[in-house]
Amino acid sequence: MSSLLDRYAAHGPGHDEMLQAAGATRTAWQRVTGHAGIDAPGQLARYRRAVDAARRSRGLAGPDAPPWPLDPLPVVIGAPEWDALAAAAAQRLELLDALLADLYGPRRLLGPGSLPPEIVIGSPGFLREADGITQPGHHRLAVAGIDVARNADGSWVALTDRTDAVRGLGHAMENRRIIAEVLAPSYRAVRVRRLGPFFHELHTSLQEAGAPHRPALLTAGPGSPAAFDDAALAGLLGLPLVQDEDLEVQDNQLWLASVRERTRVGVLLRGVPARDCDPLELRPGRGVPGLVHAARRGGVQVANSLGSAVLENPALLTYLPRLCREVRGEELQLTSAATYWCGDRAMCSHVIANIGRLVIKSARPGHGGIKGWELSIDQRAELSARIAAQPWAWSGQEPVRASTTPTTDGTTLTAAPTVLRIFGAASQTGFHLMPGGLGRVLPDDGGATALPREGTAKDVWVVAPGPTEDTPPDVALPARSVLPPRTAANLLQLGWHLEHAARTLRIQQAADGAAPGSLPARLASTEELGTLTEDARQILTHARAARSELPAEIWPVVFRLEQAIAAATVPTAATLPALAELLAHRLPHNGRRAAVAAGGELARAEHTLLAMSLATEQGLAQLLTLLDAPDTPTAGLPGADHPAATLLWSETSPVSVRRHLAGLRAHLATVSGDQALPLLDDVDDLLEELAARHEVGLSNLAEELTPGRWRLAELRRSLLSHVPLRAAGLPEEEWPT
Amino acid sequence: MSTYLIEHRSSHRGQVARGTTYLRALLTPRDGGGQRLHDAELHVSPDPAETSVYRDFDGNRITHVDVPAPYEELELRARSTVTVTRRAADPAHLPVLAWEQVVAAVRQIRATGRGEHGEGMAAVIAIVEGAHPSALVPAPSDDALRLLPPGTPLVALLAGLAEQMSTAIRRSPTSVGADRALREGVGSIQDLAHLMCSLARGAGLSARYVAGYRYEPGVDGAHAWAAVWLPGGGWLHIDPASGAFIDDRYVVLGWGRDAVDVSPVRGVQLTAGGPVTRTDHVTLTPVSAPAGSAG
């Protein structure tokens, strides 16, 4: 054993995953740490930096940077132990799913001897509006999480069930990709179960549940804290990532707008809390109006089913063992941390008497828990009073002394209490667990609550005994064809700003040292051109908004762009072409690539017209040079051999506005089918007329070009800014008055 | 016994050019509980693309409607005929229980899900739900709870509270909130009903907000009141606006935790259109009971 590990062992964490591992699992830990070479001076710090760099280059930067660091050392769990935990977790999820069906259906389980009704009725996660909604598929929970920790006696306990909008699936996969790359020798040295098949099964299950209609993933959008997680999950599942405004209910069916033709959605996997799903029946302001009723009429399945957050009420934990016997006729295998519901008088007295050593949890979904031992005497009294006022809304939970795992602080290893969020996806045959999950280590405070905001993330490796074997590559999911208009607009914007920035750069280079009053100098100084920084900002915004559509390779480049902006330096000439190149060659052909290309052609046409309107007659010839087409033949064109006619209407010059407009038209046709573009026809007519006139190039060219430029700008607005129908509440008149 | 033809018109005006308007309407009175619904119809103009009826968590009859644009006026016209046989609650025929005893009964049901009178699960759930706070029914102040004299039988307590509210609180056309209505002595019909719920729930009782209609010649029929649960006596409907238990001048439309649950029309338009204004109008016309329906 290495000296770092010796010191770790000597330090004596009594209840540690690595030190207490035996047999094959112990060997796996040794291989992982051994191949990582953690004893080399500075190695741990290097790993941490490598992890940070890998995260940034995968787009986990800027507004999408996770609030917690990622530890290079994974949690290692042996396959036999994992299989037992997974089976117990699957049973627990089956029970929760059955509970959900009962609570929104016959409610046979409510009542004396089973579950006090107040736990359900008083739960903010219980949605009365979802009452009576049935789910035609086999399960109401499509995918759910459980936060588990290993207790001092060596058994796994559940701290919290995560059944509303499930968080962390995308991050779990990201963590795996990063750690597998940073610790590549370790990853190869042990046989780690892959995560890919889990997502493939979930995809299949969603697809089957909604067949023949397609599934989609609802996200709150690029600005939300879950934006990265949702986009990553959409990518892993091959689902269109949609927002409220992309969806519309018609005839109690859910439809997804697309630039070609709208598609019906069979299953809506929600990345947003149920309450934000329908402004008509649920919380006003967010969601798709009519969605709840569409689900009620069976026109769409919402997954997890609306109101599934009721299962997150910690008070339920008190009653799960009893419910498991009643519903399944068997003992609950994955037990919960001991929990006392304050709605019961005896338990309430117990909680208040022991408030200083319990974790106090509210029925509110997402409430992380209050650690009683961190409260002052006054705070305890105040919390006790709040509990006494609404006892049904509170529970007390015994703290779990979670097992530790070796975690690096950059120089040494510390023993940090570890909580795992494990995930199960429903299928015909029951819940399948992701072999791994989202590990989190907490500051050592003597007791695990739910996953907190602080702490450090860890990858979780389930290792099988025996030598490494070649695992088959992940099966590719079918390419998405549905392109929501909002996403199409994002891609067009990307193309436009990339091309615009490229031209701006070229002009600035040409203007460097050019005579004042020359075309490059005049172009570089006109305000109409806009700034590179603004282009770069727009590129970042639209790339993030369209994240699930973009190839992973672009993120290192995007990150360089972001750094350039942050440092207030001009993005280097290399960054933008690299990005443009990636988008032009790595995007799929199903309309995405054409959308970016269309944006580029539009930018070129607009830019050339702007340059022409600033140019003198001599400048026009210079412009052709500037646009990298000095050899353009000018003879034999309609409208004489004037450069203005060439720039406007040459069929042969690759830089003519005519060619750009033709390109724009062709790309838009690819994106949208045969969308009528009367505006583009108008521009065509204007420019053709102008090019055909012999006096083109006279001093009033700028004026002559104005209508064309104006219309092109209008076309840009109509193409680039997708204006969706907005949901607005009808006035709530007071009734009666 | 009285029979009424009830006409409830809800009209939305505005230039709505495209998109769909989704409506959730509670415009059909409940059947049963001292009233009988003979017939009910709901006309929507322009013609809806989709209409369906379901019962909500409290058993109210909800009509879901999708109306496509364009329109300048969206109108819902509900007509129903209801015979009301209910008489005002008579203390002589009701269990005499001090309100604290009722609180104890509610508490037991909340903790265990079991009642003394063999209440079924639906009844238990309703009692538990009525005991919970809700958005428009705030917890009352300690001062407000002093309005409840210790040891008073529940029926007398409710009659006394309603009597006080009807005389001490001046009627305002718009709501100010239950707590302000009590503090400032001015409040709407809705405020009074919420205030009654607030005091009852604050004391530990179970209470519902009830939306409905009240017949009074020449006056718009829209009304609202509260109902409080009495073990062995059911839900006592008490009208704090008139200071009395309800009788055959009242028609129950629906009930819930507060006014939001039983708003007659809620709607969202999916549109790029402009503002919409809404007006509601209710008339109750006494008619003779339809043939064969007496009793």
Residues satisfying the stated conditions in the range B:235-245, i.e. within 14 Å of B:Arg208 (Cβ to Cβ) and in a strand (DSSP E or B): B:Trp235, B:Leu236, B:His237, B:Ile238, B:Asp239
Members of the range B:60-87 that are closer than 24 Å to B:Asp247 by Cα, of a type outside the set (S, T, N, Q) and surrounded by 15 or more Cβ atoms within 10 Å (Cβ to Cβ): B:Arg61, B:Ala78, B:Arg79, B:Val82, B:Val84, B:Arg86
Condition met for B:Pro29 (more than 20 Å from B:Val210 (Cα to Cα) and not hydrophobic (A, V, I, L, M, F, W, C)): no
Scope the range A:28-45; condition among the polar types (S, T, N, Q) and surrounded by fewer than 18 Cβ atoms within 10 Å (Cβ to Cβ); matching residues: A:Gln43
Matching residues, the range A:128-156, being assigned to a loop (DSSP other than H, G, I, E, B), touching a helix residue (DSSP H, G or I) at 6+ places or on another chain (Cβ under 8 Å) and at the interface with chain B (Cβ under 9 Å from one of its Cβ atoms): A:Gly132
Cβ pairs under 7 Å, 6+ apart, first in the range A:243-260 and at the interface with chain B (Cβ under 9 Å from one of its Cβ atoms), second part of a strand (DSSP E or B) and among the hydrophobic types (A, V, I, L, M, F, W, C): A:Glu248/A:Trp255; A:Glu248/B:Leu270
Selection within the range A:555-600 - open to solvent by less than 60 Å² (accessible area, probe 1.4 Å), over 15 Å from A:Leu498 (Cα atoms) and of a type in the set (S, T, N, Q): A:Asn590
Yes/no for A:Pro736 being closer than 30 Å to A:Gly287 by Cα, within 14 Å of chain B (Cβ to nearest Cβ) and modelled with pLDDT of 80 or more: yes
Lone qualifier among A:Arg48, A:Arg128, A:Arg92, A:Arg55 - being open to solvent by less than 20 Å² (accessible area, probe 1.4 Å), among the basic types (Lys, Arg) and touching a Gly at 6+ places or on another chain (Cβ under 9 Å): A:Arg92
Condition broken by B:Gly218, with the remaining ones in (1) out of contact with any Leu (no Cβ under 9 Å at 6 or more places or on another chain); (2) farther than 18 Å from B:Ala89 by Cα; (3) within 12 Å of another protein chain (Cβ to nearest Cβ) satisfied: (3)
In the range A:634-651, the residues that are modelled with pLDDT of 70 or more and surrounded by 13 or more Cβ atoms within 10 Å (Cβ to Cβ): A:His642, A:Pro643, A:Ala644, A:Ala645, A:Thr646, A:Leu647, A:Leu648, A:Trp649, A:Ser650
The range B:110-131, residues that are in contact (Cβ under 8 Å) with a residue 60 or more places away in the chain and of a type in the set (A, V, I, L, M, F, W, C): B:Ala126, B:Ile127, B:Val128, B:Ala131
Sole exception among (1) in contact with a Lys or Arg (Cβ under 8 Å, 6 or more places away or on another chain); (2) closer than 21 Å to B:Leu158 by Cβ for B:Gly221, by number: (2)
Helices (runs of 4 or more DSSP H) within the range A:220-330 that include 1 or more residues farther than 29 Å from A:Arg107 by Cα and either open to solvent by less than 50 Å² (accessible area, probe 1.4 Å) or charged (D, E, K, R) (or both): A:227-237
Candidate set from the range A:702-736 (those that are over 18 Å from A:Leu610 (Cβ atoms) and more than 37 Å from the chain's Cα centre (by Cα)); member that is most open to solvent (accessible area, probe 1.4 Å): A:Glu733
From the options B:Arg110, B:Arg86, residue that is under 30 Å from B:Met196 (Cα atoms), among the basic types (Lys, Arg) and either more than 9 Å from every other protein chain (Cβ to nearest Cβ) or outside any helix (DSSP H, G or I) (or both): B:Arg86
Any hit, the range B:10-22, residues being at the interface with another protein chain (Cβ under 9 Å from one of its Cβ atoms), in contact with a Phe, Trp or Tyr (Cβ under 7 Å, 6 or more places away or on another chain) and either open to solvent by less than 30 Å² (accessible area, probe 1.4 Å) or within 23 Å of A:Glu129 (Cβ to Cβ) (or both): no
Subset of the range B:205-234 that is of a type in the set (A, V, I, L, M, F, W, C) and not in a strand (DSSP E or B) - its residue that is least open to solvent (accessible area, probe 1.4 Å): B:Leu205
Qualifying positions in the range A:168-195 - basic (Lys, Arg) and either open to solvent by less than 10 Å² (accessible area, probe 1.4 Å) or part of a helix (DSSP H, G or I) (or both): A:Arg176, A:Arg177, A:Arg188
Any chance B:Glu129 is acidic (Asp, Glu) and open to solvent by 50 Å² or more (accessible area, probe 1.4 Å): no
Residue in the range B:195-202 that is in a loop (DSSP other than H, G, I, E, B) and open to solvent by less than 30 Å² (accessible area, probe 1.4 Å) present: no
For B:Ala144: the one exception among (1) touching a Ser or Thr at 6+ places or on another chain (Cβ under 7 Å); (2) more than 13 Å from chain A (Cβ to nearest Cβ); (3) part of a helix (DSSP H, G or I): (1)
Conditions (1) buried (at least 24 other Cβ atoms within 10 Å of the Cβ); (2) within 13 Å of chain A (Cβ to nearest Cβ); (3) touching a residue at least 24 places away in the same chain (Cβ under 8 Å): number failed by B:Asp191: (3)
The range A:348-381: number of residues that are within 14 Å of chain B (Cβ to nearest Cβ), open to solvent by 40 Å² or more (accessible area, probe 1.4 Å) and not hydroxyl-bearing (Ser, Thr, Tyr): 1
Some residue of the range B:94-104 being closer than 23 Å to B:Pro231 by Cβ and surrounded by 21 or more Cβ atoms within 10 Å (Cβ to Cβ): yes
Selected residue (only one of B:Thr167, B:Thr174 is among the polar types (S, T, N, Q) and either within 11 Å of chain A (Cβ to nearest Cβ) or part of a loop (DSSP other than H, G, I, E, B) (or both)): B:Thr174
Those residues of the range A:104-120 which are at the interface with chain B (Cβ under 8 Å from one of its Cβ atoms), in a helix (DSSP H, G or I) and more than 10 Å from B:Arg114 (Cα to Cα), in sequence order: A:Glu118
Residue check, A:Glu527 under 26 Å from A:Ala53 (Cβ atoms) and among the acidic types (Asp, Glu): no
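The values are calculated or read from the model by the stated rules, or taken from the named source; none is laboratory data. Nothing here was measured: the structure is a model prediction, and the numbers come from that model. No Cβ is skipped: glycine too gets one built from the backbone with ideal geometry, and neighbour counts run over all protein chains shown. Each accessible area value is taken on the protein alone, full model and side chains, heavy atoms only, with ligands, DNA and RNA left out. Shrake-Rupley method; radii C 1.70, N 1.55, O 1.52, S 1.80 Å.
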